[in-house]
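Values in this text are rule-based calculations from the coordinates and carry no lab data. Because the structure is a prediction, the values reported are computed rather than measured. Neighbour counts run over all protein chains shown; Cβ positions are idealised from the backbone, glycine included.
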Amino acid sequence: MPSIVSITQQGQVTIPKNYRDQLNIKKNSKAVVEQKGNSLVVTPIEDFFALRGSIKPISMPENFKRMRKAFIKHLTKNAMKNI
């Protein structure tokens, strides 16, 4: 069911709670926003830290900042393919 939301002076929109609950969107979540015609599509991205421990380092020490950026880029690319 569509919801009417307000847009702040800073361009911020609050996603209604029922949608946040359905999509498991938590505080400080990340999402991809894409324009489709006259609409904006918001696709949540899995929290990077929820995957902690699933990637084994090749050698020590790993550059985790670089890995995090590369992984977020990878998730964003995949999320956009699925839209």
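Only residues of region 1-27 count here: report those whose backbone N is under 15 Å from the spot 7 Å along Cα→Cβ of LYS36, or say none. Under cut-off, by backbone N: 1-2.
Ranked by the mean number of other Cβ atoms within 10 Å of their residues, highest first, the peptides 65-72, 35-42 come out as 65-72, 35-42.
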